[in-house]
Amino acid sequence: MSTAQVTWQMPGRLEVLGKHTDYGGGRVLVCAVDRGVTVHAAVIAGADGTLEATTDVVDGSLRLRAGEEAGLPAGHWGRYLQTVLDRLTANFGALPAARLEISSTLPPASGMSSSSALLTGTALALADLAGLPSTETWQAQIPDRVAVAGYAASIENGKTFGTLAGRTGVGTSGGSLDHTGMLTSEAGMLSYAEFDPMRILDRVALPEEWSFVVAVSGVLAEKTGGAQEAYNRGPALLGELLARWNRRTGRADASLQAALRGVLGEDLAGPVAVDEEPRLAPLLLVAEPGSERERLEQFVRESAELVPAAHRALRDGDLDAFAAAVRTSQRFAATHLGNQVPETIELVRLAEELGARAASAFGAGFGGSVWGLVPTSGADVFAADWLARYRASGPGQAHDRATTLVTRPGPAGMRVE
């Protein structure tokens, strides 16, 4: 059933662990944060497929039309709206003319998925205006929140979702972690998720006496230009390694996670010593020595060992084991994944010096943010001290732009009645 106006609140997300595993079908620990993007949408008079939009983040307004190039620069917020408008129109038909009023409490380009929150909130608001969730096609292809997350991710990366044909996305080849974090979370809980098949394996509580402090490094985590190329090399490399694996084995695995299950079995929750696990040898041999082998090792350890170990540790209340998994993950991000910058490395070091129980950079990398797990009672003081030390550690625009925030796992995105 269509509606004349609707408001969606879409939170940002915190990738607790699972660095660049989602687009390989792997496992993650993720949660929503307690701030995000609000999209208010209303039907207006005008031609179908027309969209007007304003935001409190920047001045000015936009007027877009389905199927027409607006000439916006790469990374412009309006390109996310255009991508949603074009994809929904292609999959479901013309949408009613609408006006969007968008506000955000998320730091932009911070690695907390402000762009994915904008895209997902816009998609669900426009879908509600047009009554798409009540159509047979929507109900058959997008039956639950996990499927909504998958479809939102496909709008962003341009891939086909079920029978809903893909088209040009926003230019990045990412997975579904962001959208899953913001659409399937529960307050106070971390989601333990996998992406081939796409499912929530478990939810585990973060005790109330612990909170996340996020330090925004000031190095913008924008997925445009050279940063976009660097980000997209990750999915492309994993795709090439998977293709080699399938050619050599005669298998038809849809992801590296499926290949891992093929060699390790369905239960990937045990320790995986990459160099000592003979069953992994055939998979690792598809990668050439050097950067290819390092990237594959990072994926295997992150998805098959570190994320399951961190989940198990939180289940058992063992913060020592959780911190050990996080520390190894962060080290591999720097040495094998290669998506860290000096600022994020410095923030992790400073957080540990200040007594954070664990600390990790998160998101696409090449900038962005770092989380530190600290006692809730002292989180505000920790945040202030962390920011002061970081700013004192190196003058420059990035350090001057840095900010901190305190959050606990928040609820999923919701329609506000």
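The values are calculated or read from the model by the stated rules, or taken from the named source; none is laboratory data. Only a predicted model underlies this, so the values are computations on that prediction, with no experimental measurement involved. Every residue, glycine as well, gets a Cβ built from its backbone with ideal geometry; the counts of neighbours run over all protein chains shown. The accessibility values were calculated without ligands, DNA or RNA, using every heavy atom of the protein model including side chains. Shrake-Rupley method; radii C 1.70, N 1.55, O 1.52, S 1.80 Å.
Key figures
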read-out: Summed side-chain charge close to residue 98 - residues other than residue 98 whose Cβ falls under 11 Å, Lys, Arg +1, Asp, Glu -1; value: -3
read-out: Packing rank of 8-18, 94-104, 354-364, where each peptide gets the mean count of other beta carbons within 10 Å, highest leading; value: 8-18, 354-364, 94-104
read-out: Stokes-Einstein D in µm²/s, Kirkwood radius over Cα pairs - the range 109-214 at 10 °C with 1.306 mPa s viscosity; value: 106
read-out: Listed peptides 111-122, 75-86 by packing density, highest first (mean Cβ within 10 Å); value: 111-122, 75-86
read-out: Sites residue 135 and residue 349, calculated FRET efficiency, Cβ-Cβ separation with R0 56 Å, nearest 0.05; value: 0.60
read-out: Cα-centred dipole magnitude for the chain, charges only on beta-carbon of K, R (+1) and D, E (-1), debye, nearest 20; value: 560
read-out: Alpha-carbon spread of the range 273-353, three principal axes, descending order, Å; value: 39, 34, 15
read-out: Surface share of carbon and sulfur [accessible, 1.4 angstrom probe, percent] for the chain; value: 50
read-out: Whole-percent pair-distance distribution, where bins are 5 Å wide, for the alpha carbons of the range 80-130; value: 4, 20, 30, 22, 13, 8, 4
read-out: For q = 0.09, 0.11, 0.13, 0.14 Å⁻¹, Debye-computed log10 I/I(0) when each Cα of the chain counts as one equal scatterer; value: -0.53, -0.80, -1.11, -1.27
read-out: Two-decimal ratio, the range 34-107, of alpha-carbon radius of gyration to 2.2 N^0.38 Å; value: 1.10
read-out: Long-range amide H partners of residue 211 with built H, under 5 Å; value: 374, 376
read-out: MRE, 222 nm, helices only [DSSP H, n ≥ 4, -39500 (n - 2.57), over the chain, to nearest 500]; value: -12000 deg cm²/dmol
read-out: Mean Cβ count within 10 Å, highest first, over the residues of peptides 34-47, 298-311; value: 298-311, 34-47
read-out: Surface per residue (accessible, 1.4 Å probe) for the chain, Å²; value: 39
